[in-house]
Amino acid sequence: MKLQEYTASAHNFEECMKCTICTAYCPVVPVNPRYPGPKQAGPDGERLRLKDPYFFNQALKYCLNCKRCEVVCPSGVKVADIIQSARMKYGNEQPRLRDRMLASTDFMGSLARPFAPLVNGVTGLGITKTVLDATFAIDRHRTFPKYSGRSFERWLKRRAKEQAKFDKQVAYFHGCYVNYNYPQLGKDFVKVMNALGIGVQLLDKEKCCGVALIANGMYKKATKNAEHNVGALQKAVDAGLTVLTTSSTCTMTMREEYPELLKVDNAGVRDSILLATRYIWQLLESGAATLKFKENYRARIAYHTPCHLERLGWGIFSTELLKMIPGVEFTMLDSNCCGISGTYGFKKENYEASQAIGKPLFDQIKSVNPDFVACDCETCKWQLEMSTGYTVKHPISILAEAIED
Amino acid sequence: MRFDTVIIGGGLSGLTAGISLQEAGRKVAIVSAGQNAMHFFSGNFEDIGPARDRVAALFAAAGVRTNAMDGLQLMPMGSFRPASLTLEDVTVFPDEHAAEKALIVNFTGFHDFYGTFIAEALEKAGATCRIRFVHLPEMEHLRLSPSEMRSVNIARAMDEHWEKVVGDIRILHKDEDLIILPQVFGLRDAAVLDKIRTALPARVAFVGTMPPSVPGIRTQMLLKRRFEVLGGTFLMGDEVTSAALHEGVVSSITTRNLDTARIFADHFILSSGGYFSKGLVTTPTQVIEPLFGLDIAFPENRNDWYDADFFAHQPYMDFGVKTDAELHAIKDGQPIQNLFAIGSVLGNTRKEDFGTAAGMAIRTAFAAADTIKGGNV
């Protein structure tokens with residue numbers, strides 16, 4: 001008798017045993033009836049699509065790619081990867097101008113940066129929001145992230161010599177957000193690393209990790225960016241450097257999405273890409289370095305785990321680091337999606353769903369009433385600050401303010 | 001990373017052991033490869049035996065209310081099962097004569113609840129039954145995608161609109177002494193169950209649906225939250241990839257997500273579940289415990305694993321990890337000093353001591369936690 005001993009299928013889809021647990025935990029299903037749910041959109045639909053691509057359903061675009069279906073699947077099926085791959089393979093919807101603008105985070109950033117005060121002033125105006133809403137379908141409730149007048153790259157390049165003086169070195173993949181919108185996080189990162197006795201270098205020209213390009217159907221550009229980044233990362237790794245990041249989404253994209261979705265081989269660099277919180281926690285735990293905290297630091301912190309950090313399984317490093325700070329009163333928020341999912345929540349057609357998804361989290365934050373919220377993701381920060389009024393700080397920024405200057 | 005105890009598997013037995021240890025002030029981590037068989041839970045802790053009061057107290061502290069009452073649970077296919085402790089969702093009957101007249105209510109388009117099976121069984125026992133369907137405009141959106149007319153999605157709608165359904169049922173009700181509803185209520189807050197019972201003019205029985213189980217999901221969420229509030233670390237969606245075993249002692253494990261960051265602990269508990277959860281795995285010739293390669297007894301001839309009668313007792317359900325009296329897992333004939341096996345990974349190997357099913361999952365969890373705490377087994 002000839003038996004098939006092991007199943008082998010793309011993204012493990014044949015392991016699905018139709019238990020529907022993924023659908024029970026999908027944040028989109030309860031708020032958007034047009035979305036068929038992860039089981040139907042993923043493994044069930046895949047069976048049909050393999051027979052005939054006619055069965056591809058445009059409603060797959062409502063998937064947030066939050067990966068929560070993969071986190072809860074008892075059978076190890078990569079449900080979100082099946083859905084995203086199907087969009088890449090069968091979807092024929094062309095990204096509109098608005099989607100291209102939202103997705104091109106580095107292009108838009110380099111365009112806006114020289115005129116930052118003007119751009120920030122204009123995008124903050126009610127009339128601009130009305131125009132963007134009417135012409136581009138970018139929801140009027142959203143405020144565009146502010147652009148910084150000086151890029152983080154430029155700031156760090158000016159300090160390259162003093163950074164080079166440290167014996168121990170790491171490379172930093174800062175991402176678009178730190179470079180164009182919020183260089184302060186990068187500066188906080190450098191402060192903490194220096195306090196640990198480590199100097200920070202830039203990569204040899206990084207590009208946007210590509211997550212927003214994937215989400216908006218710009219797959220060719222995403223693949224080009226991935227190939228470029230793997231090359232830049234490889235140079236750093238060959239020089240013996242670990243590459244640290246402060247964005248959980250960039251990290252998940254470069255480690256997981258490059259090989260799974262874009263088919264870009266990252267085997268040589270994958271294990272060297274680490275979130276800064278993980279790296280720092282390991283240093284402190286092993287006793288290889290210490291941080292000296294302020295004696296009078298006090299903060300009541302509620303921590304939100306971003307979806308992509310949940311998928312990486314590395315939330316524990318951020319939370320353990322925060323708990324390590326003397327004077328911190330720590331509350332872990334329930335694991336829920338905040339609803340923004342990068343560029344998704346900016347689109348007019350998604351605004352209501354986006355806010356409905358986040359509601360349980362917003363309500364919990366208000367009832368905990370912390371001094372501020374901690375979170376490793378830039379887009380969660382925008383969403384939570386807009387929707388709750390609480391300030392959201394990155395764990396690295398919290399470390400930076402809690403250590404002795 | 002260092003903990004007092006690391007538990008592999010975050011289902012009923014893993015969470016019970018984890019909560020029990022955290023309550024005693026131990027530092028515990030649970031590694032859970034996705035969600036678990038709680039999502040199929042009928043709400044009945046069969047074979048709970050002497051652990052009844054203890055588990056009721058542990059669950060109450062987590063916000064999970066239970067019924068400690070001996071009797072029978074009405075099952076989805078119309079059969080009855082003995083019960084002595086159940087989730088509050090379950091109505092316990094003194095005998096199989098559950099009703100004189102029963103009104104069975106289902107939702108239009110919901111195919112995971114079979115009123116006709118229940119009616120046939122009750123009618124055999126002398127009852128008369130009516131089956132009626134309710135429909136709310138607020139649920140219309142669920143029917144856009146026929147595959148998503150599922151218990152959890154209906155339950156979400158019911159969290160908002162249960163009062164409207166109760167109103168409809170009051171109109172449908174004539175003179176029945178029992179109203180049977182599918183278990184799609186109280187996903188977010190079980191308090192709704194009592195409100196429905198009070199608002200309807202007859203006794204109410206919530207009967208199980210096809211998976212996922214709404215009471216099971218609610219219970220899982222509350223137990224996990226309790227474990228975390230007590231200070232436990234829950235690593236969801238991660239998987240143990242290797243274990244360092246030397247001279248009969250486990251020193252550490254690695255996981256897929258934490259890779260080089262090893263997890264060390266004094267004690268380890270294996271609550272990785274049965275075949276569904278891949279705590280037990282079969283090949284064409286073998287039954288394997290994949291993580292440690294623990295000893296399992298099974299017949300050499302694969303035909304002896306099954307009974308051709310589908311509804312008969314299936315021998316493969318009995319296979320499980322071998323343990324000593326204190327539940328230390330056995331490998332190559334030798335007990336591992338700091339590794340305990342609990343829950344479905346045991347199969348039915350410890351039936352005489354701990355019973356079977358959910359009761360067994362909990363009783364073995366308590367036994368292992370007590371040994372670790374240095375108390376009595």
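If B:D159 passes every condition in (1) out of contact with any Lys or Arg (no Cβ under 6 Å at 6 or more places or on another chain); (2) modelled with pLDDT under 95 but one, which one does it miss?
Answer for B:D159: the failing condition is (1).
Restricting attention to region B:53-72, which residues are out of contact with any Phe, Trp or Tyr (no Cβ under 8 Å at 6 or more places or on another chain), more than 15 Å from B:L230 (Cα to Cα) and not in a helix (DSSP H, G or I)?
B:V64, B:N67, B:A68, B:M69, B:D70
When region A:279-309 is examined, which residues are found to be part of a helix (DSSP H, G or I) and surrounded by fewer than 23 Cβ atoms within 10 Å (Cβ to Cβ)?
A:Y279, A:W281, A:Q282, A:L283, A:L284, A:E285, A:S286
Considering only region B:273-328, how many residues are in contact (Cβ under 8 Å) with a residue 24 or more places away in the chain and part of a helix (DSSP H, G or I)?
Counting residues in region B:273-328 that are in contact (Cβ under 8 Å) with a residue 24 or more places away in the chain and part of a helix (DSSP H, G or I) gives 2.
Can you confirm whether region A:174-184 contains a residue that is without any contact (Cβ under 8 Å) to a residue 40 or more places away in the chain and open to solvent by 70 Å² or more (accessible area, probe 1.4 Å)?
no
Looking only at region A:126-139, which residues are surrounded by 12 or more Cβ atoms within 10 Å (Cβ to Cβ) and either free of Cβ contacts under 8 Å to residues at least 40 places away in the same chain or part of a helix (DSSP H, G or I) (or both)?
A:T128, A:K129, A:V131, A:L132, A:D133, A:F136 - these are the residues of region A:126-139 that are surrounded by 12 or more Cβ atoms within 10 Å (Cβ to Cβ) and either free of Cβ contacts under 8 Å to residues at least 40 places away in the same chain or part of a helix (DSSP H, G or I) (or both).
Tell me, which helices (runs of 4 or more DSSP H) lie completely within region A:60-122 with 3 or more residues that are out of contact with any Gly (no Cβ under 7 Å at 6 or more places or on another chain) and farther than 28 Å from A:A24 by Cβ?
Of the helices (runs of 4 or more DSSP H) lying wholly inside region A:60-122, those with at least 3 residues that are out of contact with any Gly (no Cβ under 7 Å at 6 or more places or on another chain) and farther than 28 Å from A:A24 by Cβ span A:97-103, A:105-112.
Can you tell me which of (1) under 19 Å from B:S42 (Cβ atoms); (2) part of a helix (DSSP H, G or I); (3) within 11 Å of another protein chain (Cβ to nearest Cβ) is the one B:P211 doesn't meet?
B:P211 satisfies all of (1) under 19 Å from B:S42 (Cβ atoms); (2) part of a helix (DSSP H, G or I); (3) within 11 Å of another protein chain (Cβ to nearest Cβ) except (2).
Please find, within region B:113-165, the residue that is farthest from B:L181 (Cα to Cα) out of those that are within 11 Å of chain A (Cβ to nearest Cβ) and not in a helix (DSSP H, G or I).
Step by step, filter region B:113-165, then rank; the result is B:S145.
Looking at region A:8-51, which of its residues are of a type in the set (S, T, Y), facing chain B (nearest Cβ under 10 Å) and open to solvent by 20 Å² or more (accessible area, probe 1.4 Å)?
Passing the criteria: only A:Y25.
Would you be able to tell me the number of residues in region B:149-164 that are open to solvent by less than 10 Å² (accessible area, probe 1.4 Å) and in contact (Cβ under 8 Å) with a residue 60 or more places away in the chain?
2
Applying the selection to region B:1-18, what residues are outside any loop (DSSP other than H, G, I, E, B) and surrounded by fewer than 24 Cβ atoms within 10 Å (Cβ to Cβ)?
The answer is B:R2, B:F3, B:D4.
Quick one: in region A:333-349, of everything that is of a type in the set (G, A, S) and within 15 Å of A:S248 (Cα to Cα), which residue is farthest from the other protein chains (Cβ to nearest Cβ)?
A:G342
Looking at A:I273, A:I198, can you tell me which residue is touching a strand residue (DSSP E or B) at 6+ places or on another chain (Cβ under 8 Å) and within 14 Å of another protein chain (Cβ to nearest Cβ)?
A:I273
If you scan region B:245-296, which residues turn out to be more than 14 Å from chain A (Cβ to nearest Cβ) and at pLDDT below 95?
Within region B:245-296, B:H246, B:E247, B:G248 meet the criteria.
Does region A:55-64 contain at least one residue that is more than 8 Å from every other protein chain (Cβ to nearest Cβ), open to solvent by 10 Å² or more (accessible area, probe 1.4 Å) and free of Cβ contacts under 8 Å to residues at least 24 places away in the same chain?
yes
Would you confirm whether or not region B:34-47 contains a residue that is among the aliphatic types (A, V, I, L, M), surrounded by 18 or more Cβ atoms within 10 Å (Cβ to Cβ) and modelled with pLDDT of 95 or more?
No, region B:34-47 has no match at all.
Yes/no matrix, rows are residues, columns are (1) under 18 Å from B:F185 (Cα atoms); (2) modelled with pLDDT of 95 or more; (3) open to solvent by less than 40 Å² (accessible area, probe 1.4 Å):
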{"residue": "B:E96", "(1), (2), (3)": "no, no, no"}
{"residue": "B:V105", "(1), (2), (3)": "yes, yes, yes"}
{"residue": "B:Y114", "(1), (2), (3)": "yes, no, no"}
{"residue": "B:K124", "(1), (2), (3)": "no, no, no"}
{"residue": "B:I131", "(1), (2), (3)": "no, yes, no"}
{"residue": "B:L136", "(1), (2), (3)": "yes, no, yes"}
{"residue": "B:M139", "(1), (2), (3)": "yes, no, yes"}
{"residue": "B:S147", "(1), (2), (3)": "no, no, yes"}
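If A:L233 meets every condition in (1) open to solvent by 10 Å² or more (accessible area, probe 1.4 Å); (2) modelled with pLDDT of 95 or more; (3) over 19 Å from A:G313 (Cβ atoms) apart from one, which number is that one?
(1) is the only condition that A:L233 fails.
From the list A:L118, A:L156, pick out the single residue that is of a type in the set (A, V, I, L, M) and in contact (Cβ under 8 Å) with a residue 40 or more places away in the chain.
A:L156
Return only the number of the condition from (1) within 14 Å of chain A (Cβ to nearest Cβ); (2) surrounded by 15 or more Cβ atoms within 10 Å (Cβ to Cβ) that B:D189 does not satisfy.
(2)
Go through region A:258-273 and report how many residues are closer than 26 Å to A:S397 by Cβ and open to solvent by less than 20 Å² (accessible area, probe 1.4 Å).
1
Mind listing whichever residues of region B:238-260 are part of a loop (DSSP other than H, G, I, E, B) and open to solvent by 10 Å² or more (accessible area, probe 1.4 Å)?
B:E239, B:E247, B:G248, B:R256, B:N257, B:D259, B:T260
Yes or no: region B:224-231 includes at least one residue that is within 30 Å of B:T5 (Cβ to Cβ), within 11 Å of chain A (Cβ to nearest Cβ) and assigned to a loop (DSSP other than H, G, I, E, B).
Within region B:224-231, one or more residues are within 30 Å of B:T5 (Cβ to Cβ), within 11 Å of chain A (Cβ to nearest Cβ) and assigned to a loop (DSSP other than H, G, I, E, B).
The values are calculated or read from the model by the stated rules, or taken from the named source; none is laboratory data. Bear in mind the structure is a predicted one, so any value in this text is a computation, not a measurement. Glycine gets a Cβ as well: all are built from the backbone with ideal geometry, and neighbour counts include every protein chain shown. Ligands, DNA and RNA are excluded from the accessible area calculation, which covers all protein heavy atoms including side chains. Shrake-Rupley method; radii C 1.70, N 1.55, O 1.52, S 1.80 Å.
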